[in-house]
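Visitor: Could you have a look at this structure, given as structure tokens, before my questions?
What follows is calculated from the coordinates using simple rules that are stated; it is not laboratory data. Predicted, not measured: the structure shown is a model, and the values here were computed from it. A quick note on method: Cβ atoms are made from the backbone with ideal geometry, for glycine too, and the neighbour counts reach across all protein chains shown.
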Amino acid sequence: MLDFSLTPEQLELQQKAREFAKNEILPIAWYYDEISETPLQLLKKAYNAGLINGDIPKQYGGQGWGLIESVVMTEEFAAACPGLATSLFDNSLGLEPLLLSNNESLKEKYLPRILNDFKLICFATSEPTMGSDVAGMRCRAERDGDDYILNGTKYWITNGGISDYMSIFATVDPDAQHDGICAFLVERDWEGVSVGRQIPKLGQRGSNTTGINLKDVRVPKENMMAPPGEGFILAMKTFARTRPAIGAFAIGTARSAMEFAIDYAKKRRAFGTKVANFQAIQHKIAEMYQKVETSRLLVWKSAWEADQGLDPTISASIAKFYSTESALEVANEALQTFAGYGYTKMFPIEKLLRDARLFSIYEGTSEVQRYIVSGYAMNVYQPVMPPLEELPIHRDMDPADLENDENLSAWRCRICGYVHYGEEAPAECPYCFFPKSAFSEI
Ligand SMILES: Cc1cc2nc3c(=O)[nH]c(=O)nc-3n(C[C@H](O)[C@H](O)[C@H](O)COP(=O)(O)OP(=O)(O)OC[C@H]3O[C@@H](n4cnc5c(N)ncnc54)[C@H](O)[C@@H]3O)c2cc1C
């Protein structure tokens, strides 16, 4: 049975997140964008309200949310401020490798602390010289007795400057590529860990983004989330579960841009009427609404697949690149609807446009999502139609006549598509002059 409705509990969560977004996030969004800071007190309020860490399973004392809950909530946060939503969501990203790891004692040690003590955890694969090419990371993990020693720099780390814990991916051998990658849970206070300055950004300035330097950081083997050779898969599995949420950020952002554009168009007058009465503006609104709705379908489907225990990798990639690119288009068209005022800092659209620009970059660029999806479509997906050279195209003869005549067969040239009728294939194609060997019977 196909069902797009939310359960009463999910509707309640949506309402709670919506109220939090309107009352707590929206009023402070522009101030923190302006000063490029993350308000820790907001994260604490969300923590106290049970709106972060909800994805920790019940067996560890958490709420055991699925991805549907996560995307429903994230859409609401992002509708108020995409940048603050990124910081609010970051514990889910930082936690995911731990939740997916097989290290039970590590979960038992850290999950209660994260749940009970308002601890923040960030996620770090990227480095100053590497983002998309995760297998090409340089941060070193060297075995020393039972410990590992980490050396290197992680970069672009959301909440890097405010996190207590870090999910750090490193390699035992950069030349081994995928096979060398491992992952550790590192504490911010450990000797050798230092955090860089807040990186100045175009948008999402309310989310903290820094580098993290690791200098001879000693990590006990108990803190290993993935041994060498399993870290790359762990990172990819993490992305498959967190990309739907990036899609949800995009939906929330696009939804707000659309709502503001509708509001403005109904009030602004030109040529003696409201601009909402111009068909050119109505078409923009229709396309904005279409993109918001389509994005939500794709995002919810990928979240649903994950919650069903299916591998959401492909649908998450599709949802991510469609919804993130759509959000940018919607914000851009919303700005066009506002025209001059949209370009100013007095109205909300310029910030939404700046904020939306990030979605198709982090957690795998749009180019990388297309690479993943095209690889699947071309190599794994099973086509329904026969191969072109076997396609029964009959323009010159009724296929029933062909079946009735035992001496007649149809032969198709695999180069130019010409169909020849006869007992045998022709010696040469009359169109492209390829020899008989180019013909197959269809
Ligand atoms: C604000 C912000 C927050 C971030 N937060 C985090 C975080 O919390 N943790 C973390 O680990 N990282 C984080 N990142 C890093 C982010 O994931 C990377 O920026 C992203 O993966 C792209 O990597 P890159 O910037 O190094 O681009 P590059 O990998 O250098 O790519 C450059 C260009 O080449 C294209 N390209 C690269 N490879 C391919 C390919 N195979 N096929 C086609 N095109 C390709 C890219 O799409 C891009 O257009 C964050 C980034 C930003 C900007």
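Visitor: Can you pull out the trypsin sites (Lys or Arg not before Pro) in the stretch 182-255 that DSSP calls coil and that have at most 15 other Cβ atoms within 10 Å?
Guide: Filter output for the stretch 182-255: ARG197.
Visitor: Enumerate the lysines that LYS301 could reach by cross-link, defined here as Cα to Cα under 19 Å, with residues fewer than 8 away along the same chain left out.
Guide: Partners within reach: LYS237, LYS291, LYS320.
Visitor: Can you tally the net charge around ASP133? Count Lys and Arg as +1, Asp and Glu as -1, for every other residue whose Cβ sits under 15 Å from the Cβ of ASP133.
Guide: -3
Visitor: Distance in nm between label sites at ASP133 and LYS16, each 7 Å beyond Cα in the beta-carbon direction?
Guide: Reported label-point gap for ASP133 and LYS16 is 4.5 nm.
Visitor: Quick check: the angle from helix 104-116's long axis to the longest principal axis of the chain, C-alpha only, nearest 10 degrees?
Guide: Taking Cα atoms only, the helix is inclined about 60 degrees.
Visitor: Moving to a separate point now. The stretch 152-224 to the stretch 297-365: how many Å between their Cα centroids?
Guide: 26
Visitor: Loop-only GluC sites (Glu not before Pro) in the stretch 346-442, please: DSSP not H, G, I, E or B, and at most 13 other Cβ atoms within 10 Å.
Guide: GLU406, GLU423, GLU424
Visitor: Right, something else. Suppose we keep just the DSSP beta bridges with both residues in the chain; what percent of those would be antiparallel, to 5?
Guide: 90
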